[in-house]
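Engineer: Let me begin by handing over the structure; questions about it come next.
Quick note: the coordinates plus some simple rules give every number you see, no bench work behind them. It should be emphasised that the depicted structure is a prediction, and the values quoted were computed from it without experimental measurement. For neighbour counting, all protein chains shown are included, and Cβ atoms are generated from backbone atoms with ideal geometry for every residue, glycine included.
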2 protein chains.
Amino acid sequence: MTDFSNVNALAFDYFGTIGNKLALASMVDEHFPGKGNGFTKLWFATIQRYCFQTGMMERYMPWEDLTRAAFRLAAFESEMDVPDEFRDELIAADETLPVYGDAHRGLSRLASKYQLYVLSMGSASMIRKSQANSAIDGFFAGILTTQEAAVYKPGRRAYEVGLEGIGLPREQICFVSGNSFDVLGSKNFGFPTIWVRRYGQPLDELGLKPDLIVGDLEEMANVLGA
Amino acid sequence: MTDFSNVNALAFDYFGTIGNKLALASMVDEHFPGKGNGFTKLWFATIQRYCFQTGMMERYMPWEDLTRAAFRLAAFESEMDVPDEFRDELIAADETLPVYGDAHRGLSRLASKYQLYVLSMGSASMIRKSQANSAIDGFFAGILTTQEAAVYKPGRRAYEVGLEGIGLPREQICFVSGNSFDVLGSKNFGFPTIWVRRYGQPLDELGLKPDLIVGDLEEMANVLGA
């Protein structure tokens, strides 16, 4: 097994790693029965594409604008006529997003051994609210976002925000994400990296591999002896 | 209307603009009835994502490797058990890809007024074969690809390859693409830009707009008076 004995801090991606974005699918299903999974999958994939595409052009748009533009495209492609109020409700739902069932117990154990941080592309206030709603805010030493630096993951500068914000040497910070692109991006930057592979999804075969793969945050605490 | 009177050269994206990639869907349908459209859509979207994702990490993989990795992911997600021989056949089919019905007549007219180039992420030999198969090779002054420079669209350096290869000032080169990300990328670089919007697809709302939108290459020849 990879040696994590030098690690003193864990930097977590938030949405898809701690916050359970799939909860939005059931909100969609209430208004558009049977369309929740397909729509949210396309929506999230489009947000990701817009993020990568904008980053490649060396441009930046606030995350909320990316999210809204992607929402419009996904609604168009899904042939769904979404009322503005419901769209705003779905976008605002990120703030009150439930966390995964393993998050509270897993983070509680990990916080006893490591300094915990969030490094997200979303807004700090949104993450703060989601954490407070699920009573996991006390486990974190800080929330870092790439918004002030106006950069996106998986660009190197996004992970630089984590390195500077945490203030420890690179090898002492382990990056943890549920998203394949983010795991590979942090590995590419040089962090030790753990993939929380929640759905048995395949790893993007782009010539990089995470140092450790776990199913959830409790399994991660077990493996790290926390 | 936008003024194209300074333009002396047209730089075309190839696949999805001149070469008709959708032809692959019917090859897939022969082996996996009813799955052709869904599978090829996911495959192409994954190629695009891998390209953007790898580019954001400032890495590079040959286009063929990206294509194969994306194929594996799309087959996995589509729950299709694709024999290796058929996979290789599909990937090789790019070489013999038919062109759109409007390509020969449209390019013939445009070539009488402008120097025509291809600027693609694919390999020059693949594009040369596809052009020869459809008897459109005589219309082009050159094929430029981003492979030697090991860069991807929509990064600025990819369009720099076109600028250097054509050797005219930026405002004299109009970039033409059927792909929204490529139209926006070339606009971001500073080329005058035409979007060949073949399927009424929506424009990615990322703060950039093409200078002209046409339905196909014959309509483009009409508008440019060629």
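Engineer: Looking down the axis that turns B into A, which residue of B has the closest beta carbon, and how many Å out?
Structural biologist: Taking Cβ atoms only, the nearest residue and its distance are B:52, 2.
Engineer: Between residue A:223 and residue A:125, with labels modelled 7 Å along Cα→Cβ, what's the label distance in nm to one decimal, could you check?
Structural biologist: 3.7 nm
Engineer: Over all distinct alpha-carbon pairs, what is the Kirkwood Rh of the protein assembly as shown in angstrom?
Structural biologist: In the protein assembly as shown this quantity evaluates to 23.4 Å.
Engineer: Please work out the ratio of the alpha-carbon Rg of chain A to 2.2 N^0.38 Å and round it to two decimals.
Structural biologist: 0.99
Engineer: While we're here: Could you list B:84, B:65 so that the one with the fewest beta carbons within 10 Å of its beta carbon is first and the one with the most is last?
Structural biologist: So the residues, fewest neighbours to most, are B:84, B:65.
Engineer: Once all Cα-Cα distances of the range B:23-96 are split into 10 Å bins that start at 0, what whole-number percent is in each one?
Structural biologist: Percent of Cα pairs in each bin: 19, 54, 22, 4.
Engineer: Quick one: label points 7 angstrom along Cα→Cβ at residue B:223, distances to the other copies in nm, smallest first?
Structural biologist: 5.2
Engineer: State, to one decimal in nm, how far the label point of residue B:31 lies from the label point of residue A:64, with both points 7 Å from Cα in the Cβ direction.
Structural biologist: According to this spin-label approximation, the distance is 4.8 nm.
Engineer: Then there's this: Mind giving me the FRET efficiency for residue A:92 and residue B:141? R0 is 45 Å, r the Cβ-Cβ distance, nearest 0.05 is fine.
Structural biologist: Efficiency, from the Cβ-Cβ distance: 0.25.
Engineer: What's the magnitude of the charge dipole for the range B:23-96 around its Cα centre, counting Lys and Arg as +1 and Asp and Glu as -1 at the beta-carbon? Answer in Debye, nearest 20.
Structural biologist: Details: 7 positive and 14 negative charges, 84 e Å.
The calculated dipole for the range B:23-96 is roughly 400 debye.
Engineer: Here's another thing I want to ask about it. How well do other chains shield peptide A:57-63, expressed as the mean number of their Cβ atoms within 10 Å of each residue Cβ?
Structural biologist: Whole-number average of other-chain Cβ neighbours for A:57-63 is 4.
Engineer: In whole percent, what relative contact order does chain B give with Cα contacts below 8 Å and a gap of six or more residues? Could you put the intermediate results ahead of the total?
Structural biologist: Values: 353 pairs, mean separation 58.1, N = 226.
Dividing the mean separation by the residue count of chain B yields 26 percent.
Engineer: Relative to the other copies, what are the label-point distances for residue A:157, with labels 7 Å from Cα along the C-beta vector, expressed in nm at one decimal and sorted shortest first?
Structural biologist: Sorted ascending, the copy-to-copy spacings read 1.6 nm.
Engineer: Can you give the average number of partner chain beta-carbon atoms within 10 Å of each beta-carbon in peptide B:203-209, as a whole number?
Structural biologist: Mean partner-chain Cβ count within 10 Å for B:203-209: 5.
Engineer: Summing +1 for each Lys or Arg and -1 for each Asp or Glu, what net charge is found among the other residues whose Cβ lies under 12 Å from the Cβ of residue A:20? Display every interim value, and only then the final one.
Structural biologist: Working: positive: A:21, A:198; negative: A:94, A:102, A:216.
Its environment carries a net charge of -1.
Engineer: How big is the gap, in Å, between the Cα center of the range B:121-187 and the Cα center of the range A:112-172?
Structural biologist: 40 Å
Engineer: Follow-up. Taking the highest mean first, how do the peptides A:171-184, B:135-148 order by number of other beta carbon atoms within 10 angstrom per residue?
Structural biologist: On the way: A:171-184: 24.1, B:135-148: 16.8.
By packing density, highest mean first, the sequence is A:171-184, B:135-148.
Engineer: Could you list B:194, A:91 in order of exposure, starting from the residue whose Cβ has the fewest other Cβ atoms within 10 Å?
Structural biologist: Numbers: B:194 28, A:91 14.
Lowest to highest Cβ neighbour count: A:91, B:194.
Engineer: Say a label goes 7 Å from Cα toward Cβ at residue A:88 in every copy; what distances in nm does this one have to the rest, shortest first?
Structural biologist: When each copy's label point is compared with this one, the spacings are 5.8 nm.
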